[in-house]
Amino acid sequence: MSDSGPTSEDGIATGTGRRLGRRLLRAGRAGTAALRRHRGRTGFGLGLVVGVAATAATMTLVPPLFPTGPEAGELVILSGHDDGAGGQRQVLVDQWNATHPDNKARIEVLSSIADAQRSEMVARADKRTDQIDIYNLDVTWIAEFADQHYIRPLDAGSVDQSGFLEKPMKTCRYQNQLWALPFNTDAPLLYYRGDLVAAPPASWAQLVEQTRQVLAAGASGREKFPQAGFVGQLGGYEGRTVNALEAIIEAGGAVLDDDDQVVIDSKRARDGLKHLADGLAEASQQLIMKGSLDFNEAASTQAFVNGQALFMRNWPVAHRSLMTAPDTATGQSQPLIPFQVAPLPGGGVLGGQNLAVADRSRRPRAARALIEFLTSARSQQILFERGGFAATRAIVYQDAAVIRQYPYAPTLLKAVGQATPRPQLRHYNRFSAEFQEVVKETIDNDGQLPTDAVDRLRDAIRGR
């Protein structure tokens, strides 16, 4: 038998291990005895030194119990389709990979349809797979994924949250815990015909008045003269939810209060829905394009380009669709129709996406490091300046190159600050679907709220 003694299955010499254990035990006892002898004379000083020495000996001989560095291995990001310009998310991942060879990352792309994205993410998470490290989540999914233990909370005390905009950060918190960091934000803008309106309306009442004045004046030989005042997105999807929420908020109402109690039957909430119904029903002057009942973002953008509406509610990404392709010589784009942008009257509803660590990830520390890289100020500038994604950090909106590329950046920053986050509900999708039905029935019934609306929304919040 060798001096080292027999070897265990994990390759550690058991004889040496026993001798090491005895030495460490003796060191620990010596530290305790010294502590007792000197406690009255010198306090805890000598005992502390001896104890630290024993601990140091242990740390040099055995692996640390709580490693803090990133775990090696590939990182997988589950995300919807990149709707920005030039695939800038992949550009950032490529930059990460160039400097992190032990933690190369890849994006696994899902459908561009939000409901399909969520369904696929939930299906993967339900399998308790450890093959996903990061979820790129819509802001409305954080509560569900947190409650279902699909994602793990971040240590708010060790994550640098400085520099992020307040409203996007709010969507990352749920039940007093931080679950994600904001990847990109979004807030709707009011697009309006700058050649026909001198200044944007500050309220729905002003928008109605300006519409009546412009339409009453007649076309006067103008090309692409509008036939309606406002075009939005009231088709049967999340667009109807946010458009209706914005109408209610503009009227000073709410659907849920701060305790998630249903308050849609208040006068102000009903007034907001009545504005939609009246605008769509007006016969002599169409305040809201009737096509809005079926429109999504792309359809309403096309209607505005065609000159059919004086005002349009839409996300910032629509700005790109309203401009010509950049000139090859100057790099400048021109508007397809004269327009300006302003914050939506009353403030819009906040959109965006957040990055969260998958609960079953085998590399949570490496995943968090990647999330911090993707949400850093430099990454946020690349996403906005080159990709058109609204940044989640205030400093990006002050950059000269960003403002030159997107002159509406200061307006967008103001819009994000005024926007209202959607309710943080575990069953948000069920709530949104029921709310859409309530809105449609209200519009069809001349603005009268269904008598069972409150009960239906209460049940939906509970997932019924």
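So, in segment 381-440, how many residues would count as being open to solvent by less than 20 Å² (accessible area, probe 1.4 Å), within 18 Å of the chain's Cα centre (by Cα), of a type outside the set (A, V, I, L, M) and modelled with pLDDT of 95 or more?
5
Against the conditions (1) closer than 25 Å to residue 435 by Cβ; (2) not in a loop (DSSP other than H, G, I, E, B), where does residue 211 fall short? Just the number, please.
(1)
May I ask you to say which residue of 199, 254 is farther than 16 Å from residue 344 by Cβ, surrounded by fewer than 21 Cβ atoms within 10 Å (Cβ to Cβ) and of a type in the set (A, V, I, L, M, F, W, C)?
Matching residue, one of 199, 254: 254.
Which residues, taken from segment 305-324, are open to solvent by 70 Å² or more (accessible area, probe 1.4 Å) and more than 23 Å from the chain's Cα centre (by Cα)?
Once the filter is applied, which keeps residues that are open to solvent by 70 Å² or more (accessible area, probe 1.4 Å) and more than 23 Å from the chain's Cα centre (by Cα), segment 305-324 yields only 306.
Residue 327 passes all but one of (1) in a helix (DSSP H, G or I); (2) acidic (Asp, Glu); (3) over 29 Å from the mean Cα position of the chain (by Cα); which number fails?
(1)
Taking interchain pairs and intrachain pairs at least six residues apart, which have beta carbon atoms under 8 angstrom, with the first residue in segment 291-317 and more than 24 Å from residue 436 (Cα to Cα) and the second open to solvent by 10 Å² or more (accessible area, probe 1.4 Å) and hydroxyl-bearing (Ser, Thr, Tyr)?
Final answer for the pair search is 305/321; 310/192.
Looking at 255, 262, 349, which is the one that is within 30 Å of residue 89 (Cα to Cα), in contact (Cβ under 8 Å) with a residue 12 or more places away in the chain and not small (Gly, Ala, Ser)?
Testing whether each residue is within 30 Å of residue 89 (Cα to Cα), in contact (Cβ under 8 Å) with a residue 12 or more places away in the chain and not small (Gly, Ala, Ser) leaves just 349.
Quick check on residue 173: is it under 27 Å from residue 387 (Cα atoms), open to solvent by 50 Å² or more (accessible area, probe 1.4 Å) and under 15 Å from the mean Cα position of the chain (by Cα)?
Taking the combined requirement at face value, the residue satisfies it.
Restricting attention to segment 65-96, which residues are open to solvent by 30 Å² or more (accessible area, probe 1.4 Å), in a helix (DSSP H, G or I) and among the β-branched types (Val, Ile, Thr)?
Across segment 65-96, the qualifying residue is only 91.
Mind telling me which of the residues 99, 129, 140 ends up being out of contact with any His (no Cβ under 7 Å at 6 or more places or on another chain), open to solvent by 50 Å² or more (accessible area, probe 1.4 Å) and hydroxyl-bearing (Ser, Thr, Tyr)?
99
Looking only at segment 293-324, which residues are more than 26 Å from residue 84 (Cβ to Cβ) and not in a strand (DSSP E or B)?
Hits for segment 293-324 are 293, 294, 307, 308.
Scan 272, 331, 346 and give me the residue that is buried (at least 18 other Cβ atoms within 10 Å of the Cβ), at pLDDT below 95, small (Gly, Ala, Ser) and over 30 Å from residue 132 (Cα atoms).
346
Could you please find all residues in segment 237-280 being assigned to a helix (DSSP H, G or I), within 13 Å of residue 431 (Cα to Cα) and of a type in the set (A, V, I, L, M, F, W, C)?
242, 245, listed by residue number.
The values are calculated or read from the model by the stated rules, or taken from the named source; none is laboratory data. Just so it is clear, the structure is predicted and the values come from calculations on it, not from any experiment. Cβ coordinates were reconstructed from backbone atoms using ideal geometry, including for glycine residues, and neighbour counts include every protein chain displayed. Each accessible area value is taken on the protein alone, full model and side chains, heavy atoms only, with ligands, DNA and RNA left out. Shrake-Rupley method; radii C 1.70, N 1.55, O 1.52, S 1.80 Å.
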